């Protein structure tokens, strides 16, 4: 299982646990709704941060692959043209 899928599963599980806990807590409906709203905002913020981290990692990996590909192309051209000159 990939780290991304595991992280998403953990977030969903955490959210479900929080909601279940809040709904069974001895609080008024107004307090429970406020708690759910606060927790949802917190989870949204954490998800946005994680999304930004993953996007940054993917972008860095894509840049690395691009540079590797460019190097392979340049090496191949160099080898091809150096053999023609011999």
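Looking only at segment 55-75, decide whether some residue is surrounded by 10 or more Cβ atoms within 10 Å (Cβ to Cβ) and touching a residue at least 40 places away in the same chain (Cβ under 8 Å). The answer is no, given that none of the residues of segment 55-75 is surrounded by 10 or more Cβ atoms within 10 Å (Cβ to Cβ) and touching a residue at least 40 places away in the same chain (Cβ under 8 Å). Applying the criterion of being part of a helix (DSSP H, G or I) and loosely packed, with under 11 Cβ neighbours inside 10 Å to the residues of segment 15-37, the residue that is modelled with the highest pLDDT is 37.
The values are calculated or read from the model by the stated rules, or taken from the named source; none is laboratory data. Model, not experiment: these values are computed from the prediction. Positions of Cβ are backbone-derived with ideal geometry, glycine not excepted, and every protein chain shown enters the neighbour counts.
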